Amino acid sequence: MKEEEKIEDNCIDLYIMIISNLTRCKEGVYKVLDINNDSNINIKEDNFKVSFFLNKLLYFFFLPIKPSINKNLSDKYIYVSHVLINISSIKESIVFFKNVAFLNKISDQILNVERFRAILPFIINLCLNEVIHPYIFHDDCYLFPYVLSYLYTNDYNITKSGSYNNSNNNEEINTQNIHHIIMNKSSILVSCSVIKSRILIILFYLCNRDYSREKLLSYGISDILKNWKSCEKNAEFINDIENVTNKLIEGSNSREAIAT
């Protein structure tokens, strides 16, 4: 690598950090998305094009993770997640996320626990916008199966890897109810409390809406929560799991009552 190219490569994470700071204000988001203030309302899904800047940022984000020259950062491109968080917080970006293929590309980053932790606020933003729900819950979208796989302790996958022995009795859990991708990707309950607390925020919100609640149930969320509770050691999380379970039951019962 030439000296000039090496210097530029070393500065990429700095450039991305600067852009992420710019997108903390709406004008910065407009610049990255290449849209004008007075034309936002006219953006159509059919003719929407991703800007050069965002395409470039995503190009780096989808590269293999490599360390930064900053010793405090193990991921050179981690600040792209901050850009996604900031962009997804404004309504003008909605059209960009109405794309299952793109959501799946982002979902691949979920499989790395550090990337997952970084983009969870982005996922929360998507969940808060019900217009996006048909896309994030699409049958071909594996965003939520990947998210929920972090909550499920899969005895079969653990035994196969020989890394962990779970003594909990999960006889009441019907694995046939759980989405096949969750079963395939899961291994052991994630230990990160930040990840667990943010997933709980997502579940609390989604359980209060009929469409998203039914989708969660179709993934086998009831059995996933039972499994999580049986493996969880933190009393506060156990209490929150019970609250989410109660929300699921209440929501389902109220919908049945309305139907009758």
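So here's what we get for this one:
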{"quantity": "Cα extents of the range 184-260 along the three principal axes, largest first (Å)", "calculated": "42, 28, 19"}
{"quantity": "Phi to ³J(HN,Hα) by Karplus 6.51 cos²θ - 1.76 cosθ + 1.60 over the range 75-80, Hz, x for Gly, Pro", "calculated": "10, 4, 10, 4, 6, 4"}
{"quantity": "Distance in nm between pseudo-label sites at Leu14 and Lys98 (7 Å out along the Cβ direction from Cα)", "calculated": "4.1"}
{"quantity": "Under 5 Å, built H, 5+ apart or other chain: amide partners of Thr153", "calculated": "Leu189"}
{"quantity": "Out-of-range pairs (alpha-carbon distance over 32 Å; input Lys56/Lys91; Lys91/Lys215; Lys91/Lys226; Lys71/Lys105; Lys26/Lys229)", "calculated": "Lys91/Lys226; Lys26/Lys229"}
{"quantity": "Pairwise centroid distance, computed over Cα atoms, of the range 117-144 with the range 50-67, Å", "calculated": "20"}
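Coordinate-derived values only; no laboratory data. These numbers come from a predicted model, not from an experiment. All Cβ positions, glycine included, derive from the backbone under ideal geometry; neighbour counts span all protein chains shown.
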